[in-house]
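Below is one structure, written out as structure tokens, with a few remarks after it.
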Amino acid sequence: MRKGALSAAVFAASGVMALAACGSSSSSSSPSATAGGGGTSAGGTTSATSSAAGASGTVDGKGAKVGIILPDRTTSNRWISTDPDALAARCKADNLDCDIQNANNSATTMATQADTMMNNGVKVLMLVNLDSASAAKIEQKAKSKGIITIDYDRLTLGGDASLYVSFDNVKVGELQGQTLVQCPQVKGKSSVNYVELNGAPTDNNATLFAQGYNSVLSKQPGWKKLADQSIANWDNTQAGITFTSMYQKNPDIQAVMVANDGMAGPVIADLAKQKKAGAVAVSGQDATVEGLQRIMQGTQCFTIYKPSVGEANPAVDAAAKFATGQLPTTTATVTDTETGRKVPAILATPIAITQANVALPINDGYTPKATTCANTFAELCTKFGVK
Ligand code: GAL
């Protein structure tokens, strides 16, 4: 995108004076990822981080107040510790006074938390929306008060965010599809029956993930989709219930395209009841403790690793820049499909994790070794190269 577009959008929204033109023009293409089952390099993540932060890394936010609201504590471990920890660390490094809250899956709570933050004088508000409509209202209110908003991880359709920071979510879905067809249970088979359990229909990411994996799976010779269900709120238990009924109707399922590790858990528990855990290819996302344990055990084929710092660092750096009247450098633009608005974005590159590189998220310190490698998993962790 052109730098001018960001500057106009941001400063029209905020009323803040631009102090300096920022950097050279950014490209409109998203960072490229190397697809494949065996894992990819983390280069894109690093480049997204450095492009936002500049060569020196951190940005001095001069003690400005920033509000950050995460969505829930039940759909994925990332919202419980990984993202809040990474965000808090970068806030500290960037000299920002960040208030990090979790809406506990309630849009009403999120609106109240946002009101409190706005009343407390935040200069920037960062949201992971629970649904676009409720977050768009918060962003409108912020705009009317001259507060800049950033969409973190999920794009708010119909919203007013000055910036979107996420992973390349279509790429996440493509990696999921490409890695699923390479799983040992299905690799090279001329006919494969599969089902899909998609994320929340209110989460734009779920739409993008499905766009990615469907673009791969629908073209796979001999692959036949028997069922396709979105799961409201990414509800893990509901995913299990839905899979059980799919399985009862179609006991001949060879692959399950599940959108994240949280939902993969109950699916694999159900397969275990049928004595089929490990015999069916199951996907995931988020490199959770349980997801990596299942990969080591062979009951889950893979997960997608999205290092939190790949999002947290550029997002917090951008907040520090906005709060001090500067413009962050962006690496892409995404289109709000509701309004057609072009939203400046920073998109990091996801990494597929199979048994071949299962140690990576643990050795990186993303997935905690103490829990992942506890008790009976100690031996497996050693076997798979956890340091
Ligand atoms: C998505 C996010 C995933 C996963 C999911 C459920 O928006 O990108 O990483 O966490 O929500 O929380």
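The values are calculated or read from the model by the stated rules, or taken from the named source; none is laboratory data. All values reported here derive from a predicted model rather than from experimental measurement. Using ideal geometry, Cβ is built from the backbone for each residue, glycine included, and neighbour counts are taken over all protein chains shown. Ligands, DNA and RNA are excluded from the accessible area calculation, which covers all protein heavy atoms including side chains. Shrake-Rupley method; radii C 1.70, N 1.55, O 1.52, S 1.80 Å.
Numerical summary
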item	result
Residue identified as outside the structural domain of Gln300 (by TED's automatic domain parsing) and open to solvent by less than 10 Å² (accessible area, probe 1.4 Å) among Asp151, Asp160, Asp115	Asp151
Within the range 74-93, tally of residues that are free of Cβ contacts under 8 Å to residues at least 60 places away in the same chain and either buried (at least 21 other Cβ atoms within 10 Å of the Cβ) or near the ligand (Cβ under 10 Å from one of its atoms) (or both)	1
The range 152-190, subset of a type in the set (D, E, K, R) and over 14 Å from Ile351 (Cα atoms), residue nearest to the chain's Cα centre (by Cα)	Asp153
Qualifying residue in the range 248-269 (condition: touching a Lys or Arg at 6+ places or on another chain (Cβ under 6 Å), touching a residue at least 40 places away in the same chain (Cβ under 8 Å) and surrounded by 24 or more Cβ atoms within 10 Å (Cβ to Cβ))	no
Residue identified as assigned by TED's automatic domain parsing to the domain that holds Gly284 and in contact with a helix residue (DSSP H, G or I) (Cβ under 6 Å, 6 or more places away or on another chain) among Met246, Met263	Met263
Any hit, the range 297-311, residues being open to solvent by 10 Å² or more (accessible area, probe 1.4 Å) and more than 30 Å from Ala370 (Cα to Cα)	no
Looking only at the range 334-387, and only at residues there that are over 30 Å from Ser132 (Cα atoms) and of a type in the set (D, E, K, R), the one that is surrounded by the fewest Cβ atoms within 10 Å (Cβ to Cβ)	Lys387
Members of the range 124-147 that are buried (at least 24 other Cβ atoms within 10 Å of the Cβ) and either within 14 Å of the ligand (Cβ to nearest atom) or outside the structural domain of Gly67 (by TED's automatic domain parsing) (or both)	Leu127, Val128, Asn129, Leu130, Ala135
